[in-house]
Amino acid sequence: MSKNSLMSTLFNQEAGTDMFSNLHNEIDRVFNQFRDSTMSYPGTSLLSGNGMQRLQPRVDISETDGLIQVEAELPGVELADVEVSVTNESLVIEGRKSTESEKKEKNYHLVERSQGQFVRRIPLGFDVDADKINATFKNGVLTVAIRKPEEQANRKKRIEVKSDAVPA
């Protein structure tokens with residue numbers, strides 16, 4: 001393979017195009033892909049277009065035969081600012097966080113405010129009866145226990161695993 005064709009392959013360059021333009025486009029693509037992945041990564045907080053933070057609370061999800069339990073970390077969020085709902089076979093946790101601090105000293109007066117909102121959608125894969133959900137909030141942790149419908153709890157089927165050995 002010639003050096004020119006190797007460079008063309010590495011930079012996805014078509015014949016007759018500028019290698020540096022392709023490099024610039026590839027760098028933009030990588031940065032955009034990174035930005036898009038961090039927007040959906042739990043625990044990140046980014047500024048939205050209006051200057052308000054987009055928060056992503058961290059969640060722990062555990063499942064047994066009859067129950068799904070979700071624990072969401074919501075430090076600094078008040079219970080009145082949290083809403084839990086079920087829709088389209090998903091658990092939806094949403095809310096907002098506002099903080100304000102004020103400091104007065106001899107030569108200055110400082111007031112800082114921050115606001116943020118969050119939405120976490122957790123797909124469940126089945127319709128949920130809202131009466132079979134128990135949600136509690138304590139010390140900044142929201143715990144949601146969802147009882148599975150009986151037909152969903154009984155869907156587990158054991159699969160026989162066979163040995164790879166060939167009988168003689």
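The values are calculated or read from the model by the stated rules, or taken from the named source; none is laboratory data. In this text, all values refer to a predicted model and were calculated from it rather than measured experimentally. All Cβ positions, even for glycine, are placed from backbone atoms using ideal geometry, and neighbour counts span all protein chains on display. Each accessible area value is taken on the protein alone, full model and side chains, heavy atoms only, with ligands, DNA and RNA left out. Shrake-Rupley method; radii C 1.70, N 1.55, O 1.52, S 1.80 Å.
Working ranking of peptides 72-78, 87-93, 21-27 by packing, defined as the average number of other Cβ atoms within 10 Å per residue, highest first, is 72-78, 87-93, 21-27.
Over segment 59-168, accessible surface divided per residue gives 77 Å², non-protein components excluded, 1.4 Å probe. With a cut-off of 9 Å between beta carbons, the residues surrounding residue 141 carry a summed charge of -1, where Lys and Arg count +1 and Asp and Glu -1.
Hydrodynamic analysis of segment 64-168 uses the Kirkwood radius over alpha carbon pairs. Inserted into Stokes-Einstein at 20 °C and 1.002 mPa s, it gives a translational diffusion coefficient of 123 µm²/s. Residues whose amide H lies under 5 Å from that of residue 97, counting only those 5 or more places away or on a different chain, are 116, 117; hydrogens are built 1.01 Å from N in the peptide plane.
Across all Cα atoms of segment 48-124, the radius of gyration (one decimal) and Dmax (whole number) stand at 17.0, 63 Å.
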